[in-house]
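The values are calculated or read from the model by the stated rules, or taken from the named source; none is laboratory data. Everything numeric in this text was worked out from a predicted model, so none of it was measured. Cβ placement follows ideal geometry from the backbone for every residue including glycine, while neighbour counts extend to all protein chains displayed. These area figures cover heavy atoms from the full protein model, side chains too; ligands, DNA and RNA do not enter into them. Shrake-Rupley method; radii C 1.70, N 1.55, O 1.52, S 1.80 Å.
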Amino acid sequence: MTVLRAQALLQGSVYLDFKHRQREIMDGLPSRFLPKDYRLWRTVKISKTDVEQTRKSMVIAAALSPPRFPEITDRGNGNDSFESSSGDKASFERETLVHAEKPEALEIEDQKFVWKDHWYPVSLIEDLDPKLPIPFELLGIELVLWRDGEGKWRAFSNKCPHRLAPLSEGRIDEDGWLQCSYHGWSFKPDGQCGRIPQAAPDGPEAKAISSPRACASTFPTLVSQGMLFVWPDEKGWKKAYKMEPPKLPSVFNDCRYSTVTIQRDLFYGYDTLMENVSDPSHIDFAHHKVTGRRDRAKSLPFKVVSSGAWGYKGGSDSPKIYSEFLAPSYVINKIEIPAKLPIVGEKSWEIWICSFNIPMAPGKTRSIVCSARNFFRFLMPGSEWWQLVPRWHEHWTSNKVYDGDMIVLQGQEKVFLASSSDASDINKKYTKLTFTPTQADRFVLAFRSWLRHFGSGQPDWAPGSNVGPLPSTVLTKHQMLDRYEQHTLKCSSCKNAYESFKALHTILLGATVVLVACAGVPSDMRLRVMLAIGSLTCAAVSFILKQLEKNFVFVDYIHAKID
């Protein structure tokens, strides 16, 4: 039996040791902790033709020596578990191995991930202004987002075919078409040119409006779960509508949960942000006294239970954390916290953090985060009468989380870029540049491995977009933490609140001046005192509002000053 087991493992181990996520952890260890032949295994190349033979070997190994990591049950049902659904332990372990060696869970070298063959959420619908064309970059493609006269959102290339002026500087005309502000050419929802004001009504010029060269380039769009999705291939219309966009878990439609959404444009790369959201272990330190505490940090024994070109999924039992990455940009994190309450007894508190990390351009990424929880719901925005916290106030806390990461990630990215300006080269050297010996880093390594093996080391940027220095290498700390440009201008709630704060501040400042001027007029001392108190009150409230306005613009973040 031992000989048979050894033979089976010998035939299958080359494939698994090269491809399995455990290799990522081993890559971070010093060489003295590794088997002598590990580096040899790591260099072996495996193709699709080898998979069938490897599968047979591993089935034999399954019967003789099954693995010890468990499988995750289907997500979104509130009962995610790392325990077997079968009462028979041996049966469960065999099922786990069989799952692990399925083709979709294997990293086959000649599998290719096509970046443009996916739906990307580009904005929360509630934060889009339907009256204005809105510029956006996706994979380095410059787009303009706009809503036509029928209420449908469209995505065009952000250049007029006439003289290449940006259509995002235009307007929605009286017919509900997109009009260029340079010469007034108007484009119908399907991209056809609808009007050329300068064209003669007869002759060759009259035919120009029907020329294919007069059309705007259009991209597939759809609206799902409060987000606008774009398919970044103008020739991929048939393929796009055969595929579903990524979905939020069912708890986002469950009345027992309260939800909140936010989006912010960040001046560091897609891979930097993806690495960050794949790393729950940083929360207690980077977000001390915001969403974590330094004294609560502990070991996080994460396990990756399956992976492939589609992404990965895994988690831990203690603490109970579930994580799933759906390539190329969607990460789901679920955290369960056991709680004992005086009246209801034992209860499981759940936090869902679903983040979409959109590669806009090299060194620039949009973060869209949708979160849900089933506790302390009165402290979250919502439609219930007792949910009084406005969305913009919740964004103050969320922006603290972004700020807590910002400068740390800027510094990290600078070091990576100093080693190589080529992002794909950085991924090849990642395990040499960093030291990741703990299981807490396993999801980070799983993402880096996916990007290296399937994602070509970096997104498939549009030609001409990957030029010049990246923002993180040239921007100041103040620019990196600029909430106004990155968030407030693009958030309907915060933009309106900021304008209201400024207007109220101006009114109170004016009232202060008027009350001070009037305080010396009455002969009655009591009235003079009341006017003086009124002026002081207005001045104090005006000062407080001015200080609170900073939450919409800029707040410095210094980790060392947070005790």
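Rounded to two decimals, the Cα radius of gyration of the range 393-489 over 2.2 N^0.38 Å is 1.25.
Treating only the Cβ atoms of Lys and Arg (+1) and Asp and Glu (-1) as charged, compute the dipole magnitude of the range 434-490 about its Cα centre; round to the nearest 20 debye. Display every interim value, and only then the final one.
On the way: 6 positive and 4 negative charges, 27 e Å.
Around 140 debye, computed over the range 434-490.
Answer rounded, prolate or oblate for the range 149-249, using the Cα gyration tensor with square roots of eigenvalues a ≥ b ≥ c: rounded when a/c is under 1.5, else prolate when a/b is larger than b/c, else oblate. It would help to have the intermediate numbers written out before the result.
Numbers: a/c = 2.65, a/b = 2.04, b/c = 1.30.
Note, shape of the range 149-249 comes out prolate.
In the range 525-547, which residues have a backbone nitrogen under 13 Å from the label point lying 7 Å from A517's Cα in the Cα-to-Cβ direction? Of the residues in the range 525-547, none has backbone N under 13 Å from the label point off A517. The amide H of M227, built 1.01 Å from its N in the peptide plane, has I125 as neighbours under 5 Å, considering only residues 5 or more places off or on other chains. In sequence order, the range 524-537 has phi-based couplings of 6, 5, 5, 5, 5, 5, 4, 5, 5, 5, x, 5, 5, 5 Hz under the Karplus curve 6.51 cos²θ - 1.76 cosθ + 1.60, θ = phi - 60°, and Gly or Pro positions carry x.
Could you let me know the centre-to-centre spacing of the range 535-563 and the range 170-193, using Cα atoms, in angstrom? After rounding, the separation between the Cα centres reads 43 Å. Working from the Cα coordinates of the range 175-215, the gyration tensor eigenvalues give, after taking √(5λ), semi-axes of 17, 12, 8 Å in decreasing order. Here is the list for the range 368-435: GluC sites (Glu not before Pro) lying in DSSP coil, each with at most 14 other C-beta atoms within 10 angstrom of its C-beta, are E384. Indicate the gyration tensor shape class of the range 301-391 (rounded, prolate or oblate), computed on the Cα atoms with a ≥ b ≥ c the square roots of the eigenvalues: a/c under 1.5 is rounded; otherwise a/b larger than b/c is prolate and the rest oblate. Verdict is oblate for the range 301-391.
Protection proxy ranking, highest mean first, for peptides 457-463, 526-532, 404-410: 404-410, 457-463, 526-532, where packing is the per-residue count of other beta-carbon atoms within 10 Å, averaged. Placing unit charges on the Cβ atoms of the charged side chains and taking the dipole of the range 406-476 about its Cα centre, the candidate lying farthest along the positive direction among L445, L409, S419 is L445. Classified by the C-alpha gyration tensor, the range 219-310 has a prolate form. Its axis ratio a/c, with a ≥ b ≥ c, is 1.5 or above, and a/b is larger than b/c. Annotation: per residue accessible area for the range 168-222 equals 55 Å², rounded to a whole number [probe 1.4 Å, protein chains only].
Between the alpha-carbon centres of the range 234-300 and the range 323-366 there is a gap of 6 Å. When a 1.4 Å probe is rolled over the protein heavy atoms, the share of accessible surface on the range 418-487 that falls to carbon and sulfur comes to 53 percent. A Förster radius of 60 Å combined with the Cβ-Cβ distance from E169 to D425 puts the calculated FRET efficiency at roughly 0.95.
Arrange the peptides 417-429, 252-264 so that the one whose residues have, on average, the most other Cβ atoms within 10 Å appears first.
Working: 417-429: 15.6, 252-264: 18.4.
Ranking, from highest mean packing down: 252-264, 417-429.
Take the Cα of K347, step 7 Å toward its Cβ, do the same at Q192, and the gap between the two points is 5.8 nm.
Taking θ as phi - 60° and the Karplus parameters 6.51, -1.76 and 1.60, the scalar couplings of the range 117-127 work out to 9, 8, 7, 10, x, 9, 6, 6, 4, 5, 9 Hz in sequence order, x denoting glycine and proline.
Applied to the range 192-206, the Karplus parametrisation 6.51 cos²θ - 1.76 cosθ + 1.60 on θ = phi - 60° returns per-residue 3J(HN,Hα) values of 5, 6, x, 7, 10, x, 7, 6, 5, x, 10, x, x, 5, 5 Hz, with x for Gly and Pro. With N as its number of residues, the range 409-563 has a Cα radius of gyration that, divided by 2.2 N^0.38 Å, comes to 1.76. In terms of packing, defined here as the mean over residues of other Cβ atoms within 10 angstrom, the peptides 149-158, 336-345 line up highest first as 149-158, 336-345.
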